[in-house]
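Engineer: Supplied in structure tokens, the structure appears directly below.
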Amino acid sequence: MRSLPVACAAIVVGLVAGSPAATLDGLAVDVTNGSERVLCAEKDNVTLNFASPQVKQFRIEATHPVYIGGLRDDRFAPDWSACEDISAATSEVPPPRKVTFYEDVEVWLTGFSFANFWRDKDVPIRVGDRVEHGLHLIQLWVRRFERAEEVLVLYPADGYWRIRPLPPAHLGWSAYGSSFLVGPIEQAGRPLVDIKEIAFDRRTMTFTLTFDRGGTASLKIAALDRERLALDVAFDRSIAGGPFATLRSMYVTETNADVARVALREESAKGWREEPILDFRSGRATDVWTGRTVPSNHNTSAPDIVFSRFRPAAAN
């Protein structure tokens with residue numbers, strides 16, 4: 001690990017630049033907190049659920065934390081201290097299979113299979129006429145500024161996603177942090193989404209999910225640059241009776257967390273409601289920001305995650 005010197009002036013600038021902007025025309029959705037306190041930094045103990053029987057479209061954005069401009073070094077190694085039932089030995093197993101199943105000059109998809117993945121489910125992944133089976137992890141890579149950058153990962157067997165913007169030029173790399181689920185959320189020891197099939201359309205940069213419970217969702221990369229990666233999500237039908245999306249992350253302390261705070265623009269509110277992530281219980285909001293305002297020893301450069309633009313159908 002390396003030290004974390006941060007320029008104070010850059011933090012001040014970042015706080016202004018990184019403040020979320022409210023979407024004044026969005027639906028309000030129910031946001032509930034199912035988080036719990038833990039000591040292990042490698043457990044996802046943060047759970048924010050988003051529910052509404054009306055929502056058919058919304059946006060998920062990954063944006064750099066407010067202090068990124070002053071960050072000169074990063075910390076991203078796993079922290080197994082205080083972890084009783086998981087360790088590097090049980091978690092860091094080399095994948096027995098790796099395959100690149102789509103590639104052009106600017107974009108490619110790489111998949112991995114793991115012998116110790118927690119859930120044994122085969123989800124077919126289709127790109128054009130090619131179909132891959134048995135993959136536990138998909139990576140989306142892009143070429144930008146004469147560099148190869150991994151910007152998105154998806155775990156087909158349980159439906160978890162992670163996204164990140166292009167790294168800041170002064171760092172050259174940034175970490176993943178919080179993950180999220182999109183679709184009808186179920187519980188099997190942890191939240192998950194049962195996916196029947198995944199398709200990727202290179203032309204539109206869109207992933208299409210078909211769910212075991214019926215229905216589909218498309219996740220389109222609407223923006224990707226050094227500031228943000230934005231995914232526009234669209235369901236073919238709304239999801240009633242449970243969450244349509246869930247944020248998963250970790251928090252041990254303010255300086256050992258992938259997410260430490262939450263801010264909500266509640267329905268008809270004139271300002272933002274801000275709370276520490278474990279103190280927040282519930283709200284009804286049109287916009288939700290989750291992230292950190294001070295550097296963490298865990299995945300220091302990992303992005304904030306913003307949920308917004310909740311709508312019943314396509315905007316005109």
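The values are calculated or read from the model by the stated rules, or taken from the named source; none is laboratory data. The structure displayed is predicted, hence computed values, not measured ones. Reconstructed Cβ throughout: ideal geometry from the backbone, glycine too, with neighbour counts over all protein chains shown. These area figures cover heavy atoms from the full protein model, side chains too; ligands, DNA and RNA do not enter into them. Shrake-Rupley method; radii C 1.70, N 1.55, O 1.52, S 1.80 Å.
Engineer: Give me the pairs, please: first residue somewhere in region 164-180 and more than 27 Å from THR47 (Cα to Cα), second residue anywhere and modelled with pLDDT of 95 or more and of a type in the set (Lys, Arg), beta-carbon distance under 7 Å, and either six or more positions apart or on two chains.
Structural biologist: Hits for this filter: PRO168/ARG226; ALA169/ARG226.
Engineer: Right, next: Of the residues ALA199, ALA169, ALA217, ALA223, which is of a type outside the set (S, T, N, Q), part of a strand (DSSP E or B), under 21 Å from ALA62 (Cβ atoms) and open to solvent by 10 Å² or more (accessible area, probe 1.4 Å)?
Structural biologist: Values: ALA199 fails: under 21 Å from ALA62 (Cβ atoms); ALA169 fails: part of a strand (DSSP E or B); ALA217 fails: open to solvent by 10 Å² or more (accessible area, probe 1.4 Å).
Answer to the check: ALA223.
Engineer: Moving on to the next point. I'm trying to understand the selection: among the residues of region 27-37, which are surrounded by fewer than 19 Cβ atoms within 10 Å (Cβ to Cβ) and either under 15 Å from ARG190 (Cα atoms) or free of Cβ contacts under 8 Å to residues at least 40 places away in the same chain (or both)?
Structural biologist: Once the filter is applied, which keeps residues that are surrounded by fewer than 19 Cβ atoms within 10 Å (Cβ to Cβ) and either under 15 Å from ARG190 (Cα atoms) or free of Cβ contacts under 8 Å to residues at least 40 places away in the same chain (or both), region 27-37 yields GLY34, GLU36.
Engineer: So, in region 172-195, of the ones that are surrounded by fewer than 24 Cβ atoms within 10 Å (Cβ to Cβ) and of a type in the set (Ser, Thr, Tyr), which residue ends up farthest from TYR251 (Cα to Cα)?
Structural biologist: That would be TYR176.
Engineer: Kindly indicate whether VAL252 is under 19 Å from SER178 (Cα atoms), out of contact with any strand residue (DSSP E or B) (no Cβ under 9 Å at 6 or more places or on another chain), surrounded by 15 or more Cβ atoms within 10 Å (Cβ to Cβ) and of a type in the set (A, V, I, L, M, F, W, C). Full working, then the answer.
Structural biologist: Values: under 19 Å from SER178 (Cα atoms): yes; out of contact with any strand residue (DSSP E or B) (no Cβ under 9 Å at 6 or more places or on another chain): yes; surrounded by 15 or more Cβ atoms within 10 Å (Cβ to Cβ): yes; of a type in the set (A, V, I, L, M, F, W, C): yes.
Yes.
Engineer: Would you please name the residue that is farthest from GLY283 (Cα to Cα), looking only at residues in region 38-55 that are open to solvent by less than 50 Å² (accessible area, probe 1.4 Å) and of a type in the set (S, T, N, Q)? I'd like the intermediate steps shown before the answer.
Structural biologist: Taking region 38-55 first, the residues open to solvent by less than 50 Å² (accessible area, probe 1.4 Å) are 38, 40-41, 45-52, 55.
Next cut, of a type in the set (S, T, N, Q) only: 45, 47, 49, 52.
Numbers: ASN45: 19, THR47: 14, ASN49: 11, SER52: 12 Å.
Here the answer is ASN45.
Engineer: Next question. If ARG237 passes every condition in (1) modelled with pLDDT under 95; (2) closer than 22 Å to PRO191 by Cα; (3) not in a strand (DSSP E or B) but one, which one does it miss?
Structural biologist: (1)
Engineer: Over 28 Å from THR63 (Cβ atoms), aromatic (Phe, Trp, Tyr) and over 22 Å from the mean Cα position of the chain (by Cα), is that true of PHE117?
Structural biologist: Values: over 28 Å from THR63 (Cβ atoms): yes; aromatic (Phe, Trp, Tyr): yes; over 22 Å from the mean Cα position of the chain (by Cα): no.
In short, no.
Engineer: Follow-up question, since we're still on this one. Which condition does ASN297 not pass, out of (1) at pLDDT 95 or above; (2) in contact with a Ser or Thr (Cβ under 8 Å, 6 or more places away or on another chain); (3) open to solvent by 30 Å² or more (accessible area, probe 1.4 Å), if it passes all the others?
Structural biologist: Every condition holds for ASN297 apart from (1).
Engineer: Oh, and also: Scan region 90-107 and give yes if some residue there is open to solvent by less than 50 Å² (accessible area, probe 1.4 Å), hydroxyl-bearing (Ser, Thr, Tyr) and modelled with pLDDT under 95, otherwise no.
Structural biologist: No, region 90-107 contains no residue that is open to solvent by less than 50 Å² (accessible area, probe 1.4 Å), hydroxyl-bearing (Ser, Thr, Tyr) and modelled with pLDDT under 95.
Engineer: Another question about this same structure. Of all the strands (runs of 3 or more DSSP E) wholly in region 264-312, which have at least 1 residues that are among the aromatic types (Phe, Trp, Tyr), within 19 Å of ALA51 (Cα to Cα) and over 16 Å from the mean Cα position of the chain (by Cα)? Break it down stepwise before answering.
Structural biologist: Details: elements: 273-276, 282-291, 304-311.
Counting at least 1 such residues, we get 304-311.
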